[in-house]
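Notes follow the structure.
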Amino acid sequence: MRHVGTRCYSPADPGRPLPDRDERDGMSVDEKTVRRIAHLARIAVTDDEVGPLQGELNAILAFVEQLGAVDVSGVEPMTSVTPMAMKKRADVVTEGGRAADVVANAPETEDNYFLVPKVVE
């Protein structure tokens with residue numbers, strides 16, 4: 001998002017300014033909401049920073065609203081932008097039998113269990 005003066009410009013179309021809060025139908029945040037978000041995020045925000053942050057948050061919401069207008073009816077859901085197959089192991093029961101290998105490097109063991117010092121009295 002690019003700022004020129006007090007206007008925010010869309011990253012999708014850098015030549016077109018995003019509409020002001022009053023010109024939009026969708027969601028927008030006010031100063032009280034900006035302060036609440038900053039408080040929840042544990043970010044110190046001065047009075048001078050509230051206005052610009054409000055503009056940035058409203059621009060983000062406007063961009064999200066633009067994404068909602070995109071027709072994705074023929075697009076399959078995906079987990080990645082590049083096609084890939086999930087690597088899966090076979091879900092089979094094995095006999096295990098590797099407990100001795102697992103505890104081999106432990107400082108102290110007993111009957112294939114780790115021995116640790118007592119920490120709670």
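Computed from the coordinates by the stated procedures, all read-outs in this text should not be read as laboratory data. Note that this is a predicted model, so its numbers are computed, not measured. Because the Cβ atoms are built from the backbone with ideal geometry, glycine has one as well, and the counts that use them run over all protein chains shown.
Observations on the model:
- Residue order, fewest to most beta carbons within 10 Å, for LYS118, LYS32: LYS118, LYS32
- Spherically averaged projected area of the convex hull of Cα atoms, region 59-121: 12.3 nm².
- Contour excess over end-to-end distance, with Cα ends at LEU115 and LYS87 and 0.36 nm allotted per residue: 6.6 nm
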